[in-house]
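Report on the structure given below.
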Amino acid sequence: MEDDLKFTGERFVPGIEGEIVYEHVHRYAFARRCAAGRRVLDVACGEGYGSAILAGVAREVVGVDIDAATVAHARAAYARVRNLTFVEGSAARLPLPDASVDLVVSFETIEHLEASDQPRMLAEFARVLADDGALVLSAPNRPEYSESRGYVNPFHRHEHDRAELERLLDAHFPARIWHSQRVWLGSTVWREGGGEDVEAFVGDASGVAPAPTPPAMYFVVVAARRAADLPA
């Protein structure tokens, strides 16, 4: 099914290779811990692979995308997933009733809207969320993603630094837990049988030392109206 949606750089499409795979799939794997048993809305769901990942643990998932052809593809590609539906609609005008979902997931969406539409998008998230609902949102960290590399993504309308994103979220989602994401490749050593201990080192033949936390390429924010409503 991937052949009828070509990768242009605007949205991720399963089947391509590179760092983008780790970035996008990891976000949805992360969001699963917040989605278990909940009514979930995946905003700007694109091809639908992420909505399907969430549907593996959620009570039900609705994927919304503004592009009609993409929605048609997602409906066909994931028709077998019974608790998953796809709807055409804008992130700034969601086609859902008030307080109809428990969790909104929106990855790499906000920067694709004009600055004037971004507050409307967040207001729509708040409108469709139940009073105790939560939001999981990701966005590129402009100083690291664009400025430090001299890079311009032609599909991005308005990116943010952390302070700017904080101010946008303040209006509807004042309770927040921040996470940083970045592809960080290297050799991995793990214990057979599993375990929870994690340590990271950086260095070369001349010596090694504990690895410092790298700057965020992307922010991943778990947010809600009240701290008590943040997922564990």
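The values are calculated or read from the model by the stated rules, or taken from the named source; none is laboratory data. Just so it is clear, the model here is predicted, and its values are computed rather than measured. For neighbour counting, all protein chains shown are included, and Cβ atoms are generated from backbone atoms with ideal geometry for every residue, glycine included. Remember, those area values only see protein heavy atoms, side chains included, never the ligands or the DNA or RNA. Shrake-Rupley method; radii C 1.70, N 1.55, O 1.52, S 1.80 Å.
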Estimated 222 nm signal from helices in the chain, with DSSP H stretches of n ≥ 4 weighted -39500 (n - 2.57), rounded to 500:
-7000 deg cm²/dmol
Kindly write out, for region 107-120 in residue order, the coupling ³J(HN,Hα) from the Karplus curve 6.51 cos²θ - 1.76 cosθ + 1.60 (θ = phi - 60°), rounded to whole Hz, with x marking Gly and Pro.
9, 6, 10, 4, 6, 7, 9, 4, 4, 5, 8, 5, x, 5
Taking the mean number of other Cβ atoms within 10 Å as a proxy for protection, how do you rank 219-225, 83-89 from highest to lowest?
219-225, 83-89
Taking only protein heavy atoms and a 1.4 Å probe, the highest-to-lowest accessible-area order of Met217, Met121 is Met217, Met121
Length added when fully stretched, Ser100-Ala79, from 0.36 nm per residue minus Cα-Cα:
5.3 nm
Stretched out fully, how many nm does the piece from Arg93 to Ala171 gain, at 0.36 nm a residue minus the Cα gap?
26.3 nm
Given labels modelled 7 Å from the Cα in the Cβ direction, how far is it in nm from Arg120 to Arg33?
3.5
Which distance in nm do the two modelled labels at Asp161 and Arg191 give, with both placed 7 Å along the Cα-to-Cβ direction?
4.2
Fraction of accessible area attributable to carbon and sulfur, the chain (%, probe 1.4 Å):
51
